[in-house]
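Enquirer: This is the structure I have questions about; it appears just below.
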Amino acid sequence: MSLEINNVTKSKIDEKELLRLFKRAINVLKLKSVGVSLAFISELEIKKLNKIYRGRDKVTDVLSFGTRDTKKANFPEQSLEKDFLGEIVICVKFAETKIYDFENLLLRSSTSLRKPDLKTVINRLFVHGLAHLVGYDHEKSEKEAVEMEKLEEKILNRD
């Protein structure tokens with residue numbers, strides 16, 4: 001199990017918390033030994049990636065590139081080991097603008113009702129990216145979106 005974190009922004013990231021969350025996700029998902037790369041990038045960079053790989057010319061909060069999608073993503077040869085799930089990229093600046101949206105989501109869910117901060121939003125985006133890497137896709141159907149959200153809640157709320 002390995003989580004490689006690359007922060008190319010000036011934002012402070014709680015790497016210990018993300019590793020703790022990664023370990024919880026591994027347990028909930030019943031995965032053996034897996035690796036994930038997590039990068040924190042600028043608005044300009046995530047916009048470029050979103051345009052290249054999704055055809056959407058706009059900034060977004062999180063993107064996931066699974067090794068199953070090797071035609072889409074340009075992974076280095078050594079990254080294509082069978083236990084490497086893929087890469088998650090998060091735009092911290094854009095995530096900051098989403099705190100209000102996540103606050104509304106938290107009010108509708110079983111998650112603690114405390115006001116979310118940036119760390120909470122980043123944790124949720126990271127777990128969302130992990131769910132994509134293991135095959136969930138909320139854009140496929142409403143049923144899949146509900147299943148994905150339940151999985152995310154289970155990972156985020158596990159003691």
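Enquirer: What net charge is computed for the residues neighbouring E142, neighbours being all others with C-beta under 14 Å from the C-beta of E142, Lys and Arg scored +1, Asp and Glu -1?
Expert: Counting the neighbours of E142, the net charge comes to -2.
Enquirer: Quick check on the exposure proxy: order F84, F126 from fewest to most C-beta atoms within 10 angstrom.
Expert: Fewest-to-most Cβ neighbours within 10 Å comes out as F84, F126.
The numbers here are math on the coordinates, done by the rules we state, and not lab data. Given the structure is predicted, the values throughout are model-derived calculations rather than measurements. Glycine also receives a Cβ, built like all others from the backbone with ideal geometry; neighbour counts cover every protein chain displayed.
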